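Read the structure below first, then the notes.
The values are calculated or read from the model by the stated rules, or taken from the named source; none is laboratory data. All figures in this text were calculated on a predicted structure; none of them were measured in a lab. Cβ: placed from backbone, ideal geometry, glycine included. Neighbour counts: every protein chain shown. What goes into the accessible areas is simple: the full protein's heavy atoms, side chains included, and nothing from ligands, DNA or RNA. Shrake-Rupley method; radii C 1.70, N 1.55, O 1.52, S 1.80 Å.
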Protein chains: 2
Amino acid sequence: MDTNGLPGNVLDPNCPSRVIFQRIGDKWASLVIQVLGDGPVRFSELRKMVHVVTPKVLTQTLRALERDGLITRTVHAQVPPRVDYELTPMGESLLQPLTLLRQWAESHVPTILEARDTYDEAQDDLLLGSPN
Amino acid sequence: MDTNGLPGNVLDPNCPSRVIFQRIGDKWASLVIQVLGDGPVRFSELRKMVHVVTPKVLTQTLRALERDGLITRTVHAQVPPRVDYELTPMGESLLQPLTLLRQWAESHVPTILEARDTYDEAQDDLLLGSPN
DNA sequence: GCTATCAGTATCAAATAGATACCTTCGTGT
DNA sequence: ACACGAAGGTATCTATTTGATACTGATAGC
């Protein structure tokens with residue numbers, strides 16, 4: 001009963017597509033992929049561009065993306081070390097849907113901020129006892 | 001200049017678009033929105049459809065989505081209570097980019113699972129001392 | 001031999017998610 | 001009259017994740 005004729009259902013917790021869907025939506029993973037969209041970037045550069053992420057978490061994110069075949073990790077044998085991260089073709093194919101989502105987010109910022117204000121005011125009124 | 005002519009930059013932690021981008025990518029929020037794509041759904045139905053989510057976390061998710069103006073919460077005064085959640089027009093506008101992402105995930109499941117196997121085997125070899 | 005660079009680990013504290021039990025209201029069954 | 005069940009949550013406690021901070025190891029330059 002899925003909506004697009006493909007196997008897989010993100011609503012089924014046993015379906016790998018759900019795991020993958022959630023990896024994409026990961027707080028840092030999606031940002032990293034978008035940064036890598038412009039070409040290979042080394043670890044320390046990534047840290048600066050996707051600020052503020054701690055090295056531990058960035059490493060975890062990168063390892064997970066590498067494991068899933070979305071990025072490659074290239075170690076250059078030099079001192080100090082240089083490690084480049086780069087999108088694989090599959091990683092690049094993710095760029096477009098991710099960009100659409102980012103554009104959606106950016107274009108709806110004002111509306112959402114407004115909705116929050118309205119909501120928060122209503123909550124305040126409830127707490128204070130609204131003047132009804 | 002950013003890549004789409006809009007203000008906002010998801011890479012800037014001070015930019016609200018980043019917060020919003022990450023709310024969309026939230027583990028449960030994106031699933032809830034896709035479920036609501038077919039029309040209003042009540043709390044207990046949501047729990048069943050997006051299984052397995054605990055009531056506390058589902059409530060948190062729904063409140064956050066409501067606050068951001070992506071869904072509405074309608075309480076019907078009856079016993080036992082009935083509460084319907086429904087997408088707002090803005091919530092509906094998110095459906096399409098989200099669907100693209102889901103389709104991407106579903107169509108890349110086999111490739112990603114394969115990449116994982118390859119990666120994990122390579123890791124095992126490292127640990128065991130590869131037969132070289 | 002002191003210092004800096006880079007790509008990370010290690011360690012510990014804080015925030016978040018999850019499991020489980022419980023609450024409220026009222027109609028129905030006994 | 002009394003308990004029960006339904007729906008939509010909350011309260012409480014624990015487990016997992018995240019994050020802050022300090023540190024490592026190799027080497028080149030001073």
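Heavy-atom accessible surface of the range A:16-128, averaged per residue, reaches 51 Å², computed with a 1.4 Å probe.
Projecting the Cα atoms of A:80, A:28, A:94 onto the charge dipole of the range A:16-128, computed from C-beta unit charges around the Cα centre, puts A:80 farthest toward the positive end.
Shown for the range B:16-128: the carbon plus sulfur share of the solvent-accessible area, taken with all protein chains present and a 1.4 angstrom probe, equals 55%. Here's how it looks for residue A:42: its modeled amide H is under 5 Å from those of A:85, which are all 5 or more places away or on a different chain. Are there trypsin sites (Lys or Arg not before Pro) in the range A:1-90 that DSSP marks as loop and that have at most 16 other Cβ atoms within 10 Å, and which are they? Qualifying residues, ordered by number: A:27. Subtracting the Cα-Cα distance of residue B:93 and residue B:14 from 0.36 nm times their residue separation leaves 26.0 nm of extension gain. Each Lys and Arg contributes +1 and each Asp and Glu -1, all at the Cβ; summed about the Cα centre of the protein assembly as shown, the dipole is approximately 540 debye.
Expressed in nm to one decimal, what extension gain is obtained for the pair residue A:47 and residue A:121 from 0.36 nm per residue of sequence separation less their Cα-Cα distance?
22.9 nm
For chain A, find the longest principal axis of its Cα atoms and tell me its angle to the long axis of helix A:55-67, 0 to 90°, nearest 10. Long axis of A:55-67 versus the principal axis of chain A: about 70 degrees.
A loss of 50 Å² or more of accessible area (1.4 Å probe, protein heavy atoms, ligands and nucleic acids excluded) relative to the isolated chain is seen in these residues of the range A:48-73: A:51, A:67, A:68. Per the Debye calculation on chain B with a single equal scatterer at every Cα and no solvent contribution, log₁₀ I(q)/I(0) for q = 0.17 Å⁻¹ amounts to -0.98. Think of each Lys and Arg Cβ as +1 and each Asp and Glu Cβ as -1; about the Cα centre, that makes the dipole of the range A:14-132 roughly 840 debye. Legend: mean number of C-beta atoms from other chains within 10 angstrom of residue C-beta atoms, peptide A:113-119, equals 4. Given N residues in the range A:66-112, what is its alpha carbon radius of gyration divided by 2.2 N^0.38 Å? Computed over Cα atoms of the range A:66-112, the ratio equals 1.69. Only protein heavy atoms count here, probed at 1.4 Å, and on that basis chains A and B bury about 5200 Å² of accessible area in total.
Compared with the dominant principal axis of the Cα atoms in chain A, helix A:89-128 is inclined by about 30°.
Solvent exposure of residue A:49, expressed as accessible area, is near 80 Å², computed with a probe of 1.4 Å over the protein chains only. Dividing the Cα radius of gyration of the protein assembly as shown by its Kirkwood radius returns 1.02 for Rg/Rh.
Contact order, relative form, for the range B:16-128: 24 percent (alpha carbon pairs under 8 Å, 6 or more residues apart, mean separation divided by residue count).
For the rotational copies A and B, the chain A residue with its Cβ nearest the relating axis, together with that separation in Å, is A:25, 2.
Inter-copy label distances at residue B:14, using a point 7 Å along Cα-to-Cβ, come to 5.0 nm with the shortest given first.
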